[in-house]
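Novice: Before I ask anything, let me first share the structure, which is written out below as C-alpha cells.
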Amino acid sequence: MSMIRDMMPGFELFQPATAQDAVALLERYGDDAWALAGGLDTFDWLKDRIKRPRAVVDLGAIESLRGVRAAAGGGLEIGAMTTLTEVSRDASVKESYALLAKAAGLVATPQIRNQGTIGGNVCQDTRCWYYRGGWPCYRAGGNICYADTPASMNREHCVFGASRCVAVNPSDTAGALVALDASMVVLGRGGEKVVKAEEFFIGPAVDITRMTVLRPGEMLTAIRLPAEWAGAHYYFEKARDRQSWDFALVSVAAAMKVEGGTVRDVRLVANSVAPYPMRLKAAEAQVRGKTVDERVAQSAGDIAVRGARPLHQNSFKVPLMRNLVRRAVREATATTTA
Amino acid sequence: MARTYHGTNYTPPDHYAKVTGRARYAEDWRADGMLFAKCMLSPMPHCRVRGKIDATAALAMPGVHAILTQEDLPEHDPLDETCVTNEPLFEGQAILAVAADSEWIAADAIEKIKVDLEPLPFALDPLDSLRPGGPNARRDGNVIVRDTPSEPGKPPKNVVKEQKWTADAFAAAGGARLPDGEAHVEWAIGDVGKGFEEADFVIDRPLYHQSNTHHPLEPRSCMAYWQGGKLFLYPSTQSITITHAVTAASLGVQPQDYVLICEFCGGGFGSKIIGTVNMPIPALLAKKTGRPVMHRVSRYEENYMGRARTGFQAQAKMGFRKDGRLVALDLYLVQDNGPYSIQSDMNSAGAVASLSYQPVNMRFRAVSVLTNTPPRFAQRAPGGAQITAMLEPLLDAAAEKLGVDRLEMRRINAPDSSSKFDGNQGPLTSALVREAIDKTKTLVDWDNVKKLSRQKKGTKVTGVGVALSSYTAGALGFDGLMVLRPDGKLELHTGVGNLGTHSFSDTARTAAEVLDFPWEKVELIWGNTSKGLPWTSVQAGSMTTHSATRAIHAASMDLKKKLQEIAAKDLGGSPDAYEVSNERVHRKGAPGSGMTLAKAAERAIALGGKFDGHELPEDINPYTKGGAQVVVGKGAVGVAKDNYERAGSIYSFVVGFARVEIDTETGDVEIMDYAAVTDCGRVMNPRSLAAQLHGGAIQGFGMALGQKWIFDPQWGQSFTHRFYSARPPSILDVPSVLKADFVNVPDPHTPVGAKGIGEPPIGAGEAALVCAISDALGGHQFGRTPIMLDMILNALEGRPDYYQPFTTLT
C-alpha cells in the first residue's frame, strides 16, 4: 500500500490546443503519458501516487473536442470533452437521444457532471477498490485477483464476463451509448478510426490492463449517435446505494423501435454487471417482433441473467438486473418517443 | 417590558464571516516562513518499526527541514494514542511526519525514508477476538477494562487484558445468538428472570450496529508556531478552554505558555472534543525548526486520524405485557472499541435503554474489545444512537404482535419527570416525552398517515416508522465572565467553542436577558485563549446550552448585583432599591433615574476591588482567574461560578417520524417525509434548533442506509476512506422539506430552563428510518445497520444474504 496519499507527485503538464498536438504528445511519451479530461478519474490515481505518469496531457484547451453538432450523414456528434451537464441538457440530445441525456444526468452529482466529460465518463477505469487502492492485482500487472476470494469484499463486482479480473465497467453513459449503437471516433498515429461502441469497450479476456480499445498514443475525440436510433423508445435506470454520488450497482439501457404495438427492433444493455457494458442479445431476441406484455417482459428478464456467476457477496445483482431488464422492456414500450 | 432574546431567531455574530468566506478555519492560517508537514501512514493494521528509521536521504533533500518520530514526543502513558508511533495499531496511523517547504516536497521526502515494518497479528472482529485462539489487537491483550483501584480515593485506571470466552459458550450460542461469555460491566434493576415470567410476549434477537467515521466537513488540520517561548496553536477543536487546559502536556508546555486560537470549527460531531491527536505534529516540528508549521489533513487522512463511533454486536431480549408495557429487558453489548482508550458508548447505551423504555426489570452486560481499526471517540449520542436504532424495531415487532399502536407503544413505556433510570436508578430533572408524542401525533397526522403503512402503489410500497431517542443534555458548575465597559458595551468572554451550532452565541444572550441589555451592544469574545476566557464545559454531549446558560446567568447576576451596589454607593439607599434595565441602573419603577451603565462602569474602575475584577470570587476555577486578568480594571466585571442547584440528571428527548417508499423491484428506499419533535426545555434559537433536529436526523439516515466501514478481512485494509465510499447522505438523499416542533417548556432545575439538543436527533432519525423500512417490508427486521439495497432486495426475493448475524465491517 502507498504510505502517503492525497499528494500528487510531479509531472510535466502539456496543454495542447489541437487534437493532433495532443496525440503527438501522447505518442511521444507512450506508456508514460496520461490524457486528462475532467480529472475525476485521473486525480484519484495521481493523488494516491499509484499511477505515476511522466507527462499529463490536458485536453481542456482543445476547442474542437467540445460541443454537440449534427453529424455528417445524420445523427449527432458529441465532442469527447463535452461535459456531462451539457450532454444531459442539450436540446438535440434530449429530443432525439433522451436515453443518453438521462444516463448522463444520473452520473454522480451536479458538481461532478459540471466538471466531468462524456469522453472521460466512457474511458474511465474500473472502480474496483482493490485495484484502485494500489493492490498488485492482475489488472495492475500482478498475478492475483484480490476481489475474487471467499473472503473478498466484492458486493460491487461482476456477475458476468470475469476473466481473472472481476471488476466492472462503472460508466452510466457507456451502456446508453451501446444501446444507441453509437460510434466512437478515435484519433491516433495512423489518423482517425471509427469503432462501434459495442467493440470500444473490452473485457479482461481481451486485455486485462485496459477497459477500452484505446492504446497508448490514442485518444477518443468524439461520439457519434446514429440517425437510425434517433427518437426511438428508450428506458434507462440506475440502481445505486445513494440518490447522488454513487456508481451503479446495476444499470440498464434500452432502445426500442415499436410499430403498431410490435417491437420491430431493440437493443438492451446492462452495465456494472460485467467488465464492459453488456449487450443482452438473448433478451433482445425474446422481445424482437413481439407485442410486449408482462409475460414477454418477465421472460426477457429471466433470459438476460441466464449464465450469471455471482461472487460470494453480489448474488443480489442477479434479481436486480433481471427486474431492471423486465422493467426496461415494460416501460420502454410504454414510453412515447420524445 | 424586559427584553426576551431566547426563543427568537437572530443572526449570530459569525454569520457574515462564514457566508463571505472571511472566516478562518485551521487550514486558512498562514504565517511568514511557514513550513508544511506531511505524515507517513501505516500500510498495515498492526505492525512495528524494526530497527532504526533511516531518514538520511530525505533530510538531505533541498527544502526538507525536519522529521518527527516517536522519540521526539514528551512523556506519555504507553496506553495513549500518540501523534506518531513506532507501533501503529491501525492502518493509516501516522508513523512519522516531515516538515518541508511544501507538501509536495514533504511527500517526496517521505518516499525516501527507509522504514522496516514488522507485520503483527491483528483483530478486526470483536467476537472473533473473544474466541479461544482468536487474534489480539494489542500485544498486551484484546479487551480494555476500567479497573477500580483497591485504594480508596484513587481514580479508576484503564487496563488492557487478554480475555477469551470459552469454546463451550461459542458452541452453545451456535452463531445465531451472542455467546454468554464473561462481561466487564454488569448491573440490574429488579429481577429480569421474574420479569420474563410475567411477560406475555418475549422477543430475543441478535443485533449488529456498525462503526463509522465522524467525517466532519472540516478535517483536523492544525498550524503552530513559537514566539517568545510561547506556543501559538491554530487547531480545529470543538471546545476551547478544556482543549487548552488538557492538551498542554502532550504539546510539552504549561497552559500559560500556550495560546490556542480556533474561532471557527467546521464541525466535529464529537471527534474534536478536546482538540485532535495530530496537534503535536505542527507544534513539535515548529519547535524543532524554529518556523511556523502547518499540518493539513486530507479527507483520506481524516478517515484514519479522525475518530469513529463504536460498533456493537449484541443480544437483546425483551419481555412485554399484553398492554405493551416492557417488563423485562436483558441486554448484552460487545463493543468494538478500536485500539485505544475505553469508550463509554456501551454504558450510555444501557442508560438510554433504561431511560427510554423504563423496563420494570433489566439486566445490562457489556464488554469492550480492542480492534485494529481507526480509534473510537464519542460521536453524536455515543451509545444512544446505536441502542435506539437497535431496540426501536423490536418495540414495533412487539406492538404488531400485541395489536398496540406504535406511537402508543412508546407512550406506554415513556419516562416522565418523576422517572428513575440507569443501574443506579437516579432521578431526572424533566421529561416531557408524552407531550412530545402528542405533538408528533398532530404534526404528522399520525392517525391518517399510519393507514399508508404497507400500502402498495405500482412497484412502490410505503412504510412509516416512529422512534423515541433520549440523551444527556447538560453539565454544570462552570464559570461565566464579562465586563461592562465605560463605552457602554458589554464585553462577554465565552469559553464555548464555535463548532457550528450557534450555542457559542445563543448562550451569550442570557446576559442580555438578565441585564435587560440590548444584544446589539454585546461584544462576544470567543475562540482565543489570549483574550481571557472563563472555565467552560466541553462542547460535546449536548452540554453547552445548559452549562453555559447557567454560568453566564450566574456571572450576569453577579454583574447586576455590583451595578446595584455601585448605584447605592453613589446615589444612596440600599442596593435592593435599584434595578438594571435599558442600559441604566435606576431606582425601581423610575427608569429615568439613577445612572447609565457606561457611568456605572467608570465608577467600577474607580472603586476597584471586586467591582473591576481586582478581587475575584474564591470559588471560581483557577483557569477563570487567569482569564479574568485580561478584563481587570476595564469596567464593571461580572464573574461567577454556576452554583445553581440541580436535583437530577438532565436529558433531552426527540420523537422522530419517517415515511418511506421502497421499490420492490430494486430495493431502493426513498425518504418521503421526516418530522422531529423535541422536549429540550426552553427553546433558545428556533431556527438553529430545527437545524439540529434535521441535521442530526440526516446523519442518522446515513447510519440507517449506507454509512459503514468495509475492510478486507484477510489483509485488514479499509476501502471506505473517502466521502464517496464512506457514503454519508447528501442533500439529494433527503426530502426537501423536513418538519419540526418543540414542546418548549422550561426545565425547572436551571435558571434559563434550557437543555441541550445536539445528541438525540441522530438516533431519532436513524431509528425512525429503520422502523419505516421494516414496516414497508411487512415487519421484516434485519437486526443490523446499515440496511442497504442488496439486503432489502434479498429480503423481498426471499434469497439468502452473505452475512451472518454478527458479521462486521462488510
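Novice: Under the definition of partner shielding as Cβ atoms of other protein chains within 10 Å of a residue Cβ, what is the mean value for peptide B:788-801?
Specialist: That average works out to 4.
Novice: Percent relative contact order of the range A:1-125, based on C-alpha pairs within less than 8 angstrom and at least six residues apart?
Specialist: Dividing the mean separation by the residue count of the range A:1-125 yields 25 percent.
Novice: What is the range B:708-810's relative contact order, in percent, from Cα pairs under 8 angstrom and six or more apart in sequence?
Specialist: The normalised contact order for the range B:708-810 reaches 26 percent.
Novice: Post the alpha-carbon centroid distance, the range B:433-503 to the range A:294-312, in whole angstrom.
Specialist: Here the two parts' Cα centres lie 48 Å apart.
Novice: What number, rounded to the nearest 500 deg cm²/dmol, is the helix-based mean residue ellipticity at 222 nm of chain B, given -39500 (n - 2.57) per DSSP H run of at least four residues and division by all its residues?
Specialist: Rounded to the nearest 500, it is -8000 deg cm²/dmol.
Novice: Give me the Debye-computed log₁₀ of I(q)/I(0) at q = 0.21 Å⁻¹ for the range A:1-154, equal point scatterers on Cα only, no solvent, two decimals.
Specialist: For the range A:1-154 at q = 0.21 Å⁻¹, log10 I(q)/I(0) is -1.28.
Novice: For chain A, how many pairs of lysine residues have a Cα-Cα distance under 22 Å, where the two are 8 or more positions apart or belong to different chains?
Specialist: For chain A, the number of qualifying lysine pairs is 17.
Novice: Whole-Å semi-axes of the range A:186-331's equivalent ellipsoid, largest first, each the root of 5 times a Cα gyration tensor eigenvalue?
Specialist: Calculated on Cα positions only, the semi-axes equal 28, 21, 14 Å.
Novice: If you don't mind, there's one more thing I want to ask. Through the Karplus equation 6.51 cos²θ - 1.76 cosθ + 1.60, θ set to phi - 60°, convert the phi angles of the range B:233-243 into ³J(HN,Hα) values in whole Hz; use x for Gly and Pro.
Specialist: Coupling constants for the range B:233-243: 10, 10, x, 10, 9, 6, 9, 10, 5, 6, 4 Hz.
Novice: Can you sort A:299, B:348 so the residue with the fewest Cβ neighbours within 10 Å comes first?
Specialist: Final ranking by Cβ density, sparse to dense: A:299, B:348.
Novice: Going Cα to Cα from residue B:288, which lysines come in below 17 Å? Please leave out same-chain ones fewer than 8 positions away.
Specialist: B:38, B:230
Novice: Sorted from fewest to most neighbouring beta carbons within 10 Å, what does the list B:803, A:234 look like?
Specialist: Listing B:803, A:234 from fewest to most nearby Cβ atoms yields B:803, A:234.
Novice: Also: Treating only the Cβ of Lys, Arg, Asp and Glu as charged (+1, +1, -1, -1), what charge dipole size does chain A show about its Cα centre? Round to the nearest 20 debye.
Specialist: Value, rounded to 20: 800 debye.
Novice: Give the longest segment of chain B that steers clear of GluC sites (Glu not before Pro) in DSSP loops with at most 13 neighbouring Cβ atoms within 10 Å, not counting the sites themselves.
Specialist: B:163-614
Just so you know, all these numbers are worked out from the coordinates, no wet-lab data involved. Model, not experiment: these values are computed from the prediction. Heads up, the Cβs are rebuilt from the backbone with ideal geometry, glycines too, and the neighbour counts pull from every protein chain shown.
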